[in-house]
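> Mind looking over this structure? Questions follow.
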């Protein structure tokens with residue numbers, strides 16, 4: 001159930017994106033600091049293991065993976081377009097503690113569904129803009145409104161204001177990073193592997209590695225994608241843990 005697809009990981013349903021950093025004029029992903037907390041034995045859920053790199057020049061850092069010497073992997077789920085009725089049960093069974101990077105346009109009318117997942121699974125809420133536009137090249141104010149309005153709406157409708165951001169399609173520019181900072185985000189999160197149609201795809205190599213951030217979506221293949229991730233992480237000897245603990 002694995003394919004090495006370094007150049008063809010899908011950022012969002014029906015769209016492809018370049019998995020490499022957009023444009024040389026844009027900031028490179030920020031390096032991660034050494035862990036503040038060293039752990040042994042069972043993972044200490046709810047403790048800050050690392051802090052996000054500092055905001056510099058008014059721009060949030062771009063995070064593609066986490067530097068760690070522990071066998072940890074991080075799952076993220078985007079959009080929210082399809083509300084699979086079995087998602088809650090699957091996440092409770094496997095304890096993957098994902099970040100849900102959601103769009104307000106998909107959450108609207110389904111607040112109870114996502115609130116239940118957040119409350120019952122240890123998931124973290126992330127900002128993915130209101131309408132899922134390609135932000136790169138858009139005016140600053142347009143980008144700020146998309147990001148801030150998504151976070152502000154979730155604070156009211158879900159009871160949580162996100163502080164981690166993911167740009168739709170993985171596309172961004174300096175205005176995106178400035179707007180994210182202005183909206184209270186700590187980091188802009190990309191990924192190093194993705195799951196599509198029940199297949200784990202890697203940007204490099206043929207397995208998941210410690211610190212990888214994995215992308216999947218709330219779509220019709222949710223069960224297949226989720227199961228593929230869980231099985232791949234187990235095969236590669238990795239434990240899914242909360243990304244928020246490493247971007248505190």
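> Name the single residue that is farthest from residue 202 (Cα to Cα) among those in region 49-90 being free of Cβ contacts under 8 Å to residues at least 60 places away in the same chain and not in a loop (DSSP other than H, G, I, E, B).
Out of the qualifying residues, it is 56.
> Quick test for you: out of 155, 194, 182, pick the one residue that is modelled with pLDDT of 95 or more and buried (at least 21 other Cβ atoms within 10 Å of the Cβ). Give the steps one after another, and end with the answer.
Values: 155 fails: buried (at least 21 other Cβ atoms within 10 Å of the Cβ); 182 fails: buried (at least 21 other Cβ atoms within 10 Å of the Cβ).
Of 155, 194, 182, the one residue that is modelled with pLDDT of 95 or more and buried (at least 21 other Cβ atoms within 10 Å of the Cβ) is 194.
> Among the residues of region 95-117, write down those that are in contact with a strand residue (DSSP E or B) (Cβ under 8 Å, 6 or more places away or on another chain) and buried (at least 18 other Cβ atoms within 10 Å of the Cβ). Spell out how you get there, then give the answer.
So the first thing to find is which residues in region 95-117 are in contact with a strand residue (DSSP E or B) (Cβ under 8 Å, 6 or more places away or on another chain), and the list is 95-103, 106, 114, 117.
Passing the criteria: 96, 97, 98, 99, 100, 101, 102, 103, 106, 114, 117.
> Name every residue in region 197-212 that is touching a helix residue (DSSP H, G or I) at 6+ places or on another chain (Cβ under 7 Å) and assigned to a strand (DSSP E or B), in order of residue number.
199, 200
> Considering each of 185, 216 in turn, give the residue that is part of a loop (DSSP other than H, G, I, E, B) and in contact (Cβ under 8 Å) with a residue 40 or more places away in the chain.
185
> Considering only region 233-248, state which residues are over 17 Å from residue 201 (Cα atoms), touching a strand residue (DSSP E or B) at 6+ places or on another chain (Cβ under 8 Å) and in a helix (DSSP H, G or I).
243, 244, 246
> A further question on this structure: In region 56-94, what count of residues is obtained for those that are at pLDDT below 95 and in contact with a strand residue (DSSP E or B) (Cβ under 7 Å, 6 or more places away or on another chain)?
0
> Filter region 211-232 for residues that are out of contact with any strand residue (DSSP E or B) (no Cβ under 6 Å at 6 or more places or on another chain) and over 23 Å from residue 84 (Cβ atoms) and give the result.
Listed by number, the list holds a single entry, 211.
> Being part of a helix (DSSP H, G or I) and either under 24 Å from residue 129 (Cα atoms) or over 15 Å from the mean Cα position of the chain (by Cα) (or both) narrows it down to one residue among 180, 194; which is it? If you could, list the steps in order and put the result at the bottom.
Details: 194 fails: part of a helix (DSSP H, G or I).
The unique qualifying residue is 180.
> Working only within region 219-229, note down all residues that are surrounded by fewer than 23 Cβ atoms within 10 Å (Cβ to Cβ) and within 16 Å of the chain's Cα centre (by Cα).
Across region 219-229, the qualifying residues are 219, 222.
The values are calculated or read from the model by the stated rules, or taken from the named source; none is laboratory data. Fair warning: this is a prediction, and the values are worked out from it, not measured in the lab. Glycine also receives a Cβ, built like all others from the backbone with ideal geometry; neighbour counts cover every protein chain displayed.
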